[in-house]
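A short write-up of the structure that comes next.
The values are calculated or read from the model by the stated rules, or taken from the named source; none is laboratory data. Small disclaimer: the values here were computed from a predicted structure and weren't measured. Because the Cβ atoms are built from the backbone with ideal geometry, glycine has one as well, and the counts that use them run over all protein chains shown. Calculation scope for accessible area: heavy atoms of the full protein, side chains included, ligands and nucleic acids excluded. Shrake-Rupley method; radii C 1.70, N 1.55, O 1.52, S 1.80 Å.
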Amino acid sequence: MIQMLSFMAAPFAACLVLVGLHAYFGIHVIERRVLFVDLAVAQFAALGAVIGFALGHHPGELGSTLSSLAFAVVAAAIFSLTRVRAEKLPQEAIIGITFVVASAVTILVADRAPEGAEHIKETLSGSLLWVTWPVVFKVLVIYALLGLFHWLLRDRFMLISTDPDEAYRRGWNVRWWDFLFYLSFGVMITFSVEIGGILMVFAFLVIPACIAILLHASMRMRMIVGWMAGIAGSAVGLVGSYYLDVPTGPAVVVVLGAMLIASGVFDLARSLR
């Protein structure tokens, strides 16, 4: 038990850091009804990492991080520019298309890079098990700055997510505020993908938020429940992966999925009373 706690301490701390900000962004993503924007931005960040890898920058190095961040900024620009009041195409369709194209380009680039297939696998499942304390503290500082940024502008971001028509009526430049939202979102995703991979990053963003929305109506309680769900799912997934000797990131995703199913059953039973 002591050996397991010592081995899993840094990965669990990393999960706590990721959940803290992902649960908040998850509420926004669901309210905006752009559920797969996380996958699209994460895939752009992964594309940047693969291109950096092909140029000789290994994961975790500054060159790889800057390459991922640059592509995440491109994704932020695309999704803010395609947000219009009168849509000809649903933004979700544009998000899906960009995800597919970015995925295809990632495969093409990786095919030309040494050990490219292994690198793609790592972008999907992550390297959570091997995260170090310096990386945890670095991401904690970055996430704290992002959290402060969103707390200072919380009223603007929340109104645009929940009632964009009112934001337009007030004369706000919604595209500009969307760019700031997606830019900060992209920065978060860049560092998240390096640790947890695309699958776990998507799960952390969406599943705790869905559980919270099923169980509570108030924003404050949704945040609390989302954090608790993410922490509990991380703990159970990490312990399960240790004793069953299975990949850590996918194990956490499966546990969170099971928790969402249980929450859905509970919500259905409650509605039938």
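Can you tell me which residue is most open to solvent (accessible area, probe 1.4 Å) among those in the range 137-152 that are under 13 Å from Leu16 (Cα atoms) and touching a residue at least 12 places away in the same chain (Cβ under 8 Å)? So the residue we want is Leu140. Of all residues in the range 23-36, one or more are touching a residue at least 60 places away in the same chain (Cβ under 8 Å) and within 20 Å of Val131 (Cβ to Cβ).
Being open to solvent by 10 Å² or more (accessible area, probe 1.4 Å), more than 25 Å from Trp130 (Cα to Cα) and not small (Gly, Ala, Ser) is not true of Val17.
Among the conditions (1) of a type outside the set (Phe, Trp, Tyr); (2) open to solvent by 10 Å² or more (accessible area, probe 1.4 Å); (3) out of contact with any Pro (no Cβ under 9 Å at 6 or more places or on another chain), Glu194 misses just one, which is (3).
Counting only residues that are more than 17 Å from the chain's Cα centre (by Cα), within 12 Å of Ile207 (Cβ to Cβ) and open to solvent by less than 40 Å² (accessible area, probe 1.4 Å), the range 226-237 holds 1 of them.
Cβ-Cβ distances below 9 Å connect the following pairs, each with a first residue in the range 60-74 that is outside any helix (DSSP H, G or I), a second residue that is charged (D, E, K, R), and a separation of six or more residues or different chains: Gly60/Glu194. Of all residues in the range 194-217, those that are without any contact (Cβ under 8 Å) to a residue 24 or more places away in the chain have Cβ atoms under 7 Å from Cβ atoms of residues that are among the aliphatic types (A, V, I, L, M), 6 or more apart or on another chain, in His216/Val225.
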